[in-house]
1. Defining a contact as two alpha carbons under 8 Å apart and six or more residues distant in sequence, what relative contact order in percent does segment 23-89 show?
2. Please give the direction-averaged projected area of the C-alpha convex hull for segment 7-131, in square nanometres with one decimal.
3. Can you tell me the order of 113-123, 82-92, 6-16, 64-74 when each peptide is scored by its average per-residue count of other Cβ atoms within 10 angstrom, highest first?
4. Can you compute the FRET efficiency between Lys58 and Asn105 using 1/(1 + (r/R0)^6), with r the Cβ-Cβ distance and R0 = 25 Å? Round to the nearest 0.05.
5. Determine the relative contact order of the chain: mean sequence separation of Cα pairs under 8 Å and six or more apart, normalised by residue count, in whole percent.
6. What is the gain in length, in nm to one decimal, between Leu32 and Asn84 on full extension, counting 0.36 nm per residue of separation less the C-alpha to C-alpha distance?
7. Want the number for Ser119 to Arg131: 0.36 nm per residue separation, take away the alpha-carbon distance, what's left?
8. If you plug each phi of segment 64-78 into the Karplus form 6.51 cos²θ - 1.76 cosθ + 1.60 with θ = phi - 60°, what whole-Hz ³J(HN,Hα) values come out, in order, with x for Gly and Pro?
Amino acid sequence: MKSMVSEKYIVSCVKKFMEKQGFQCYKEVKVLEGRVDLVAIKNKEIVAIEAKVRDWKKILPQVLCCKLFAQKVYAAFWHKYISNIPLQIFKKHGIGLLSVNRQVNIILESRKNNELHRSIYEKLIKEIERRS
């Protein structure tokens with residue numbers, strides 16, 4: 001049975017959550033060969049969030065790529081499927097986990113990443129400035 005929840009809905013819930021914490025948020029930000037579902041910025045700190053309804057195996061390479069340009073990275077999932085996700089894999093890589101059901105709950109905090117790829121980070125900043 002197909003879920004009625006979409007990635008788009010999950011992203012909109014996370015966007016509201018991040019904005020309440022004072023972040024400027026941008027959806028579908030072009031980076032490298034793809035797009036990041038949501039980029040949130042506050043005080044020059046970049047938080048990248050990728051959303052999936054339930055497919056943690058598909059999201060893992062995406063969030064690992066985000067570590068090239070973001071100080072914090074989260075994977076957001078619909079709450080019904082969070083228990084199927086092997087937390088230890090995300091924890092090992094410093095990736096945070098968000099459970100979404102209108103409200104957003106932090107299941108696992110993202111570990112701060114200071115080893116950014118400077119040129120990719122700068123391209124991301126330019127892409128965001130172009131939108132502002």
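1. Numbers: 99 pairs, mean separation 16.7, N = 67.
In percent, rounded to a whole number, it is 25.
2. Numbers: hull surface 27.6 nm².
Its Cα hull, projected and averaged over all orientations, spans 6.9 nm².
3. Values: 113-123: 12.5, 82-92: 14.0, 6-16: 17.3, 64-74: 22.0.
Per-residue Cβ counts within 10 Å, averaged per peptide and sorted highest first, yield 64-74, 6-16, 82-92, 113-123.
4. On the way: r = 22 Å, r/R0 = 0.86.
My answer for the efficiency is 0.70.
5. Numbers: 233 pairs, mean separation 29.0, N = 132.
This gives 22 percent for the chain.
6. Numbers: separation 52, 0.36 × 52 = 18.72 nm, distance 2.99 nm.
Extra length from Leu32 to Asn84 when fully extended: 15.7 nm.
7. Full extension from Ser119 to Arg131 adds 2.4 nm.
8. Ordered by residue, 3J(HN,Hα) equals 5, 5, 4, 5, 5, 10, 10, 6, 9, 9, 10, 10, 10, 10, 5 Hz.
Taken together, the values in this text are just the output of simple stated rules run on the coordinates, not laboratory data. All figures in this text were calculated on a predicted structure; none of them were measured in a lab. A quick note on method: Cβ atoms are made from the backbone with ideal geometry, for glycine too, and the neighbour counts reach across all protein chains shown.
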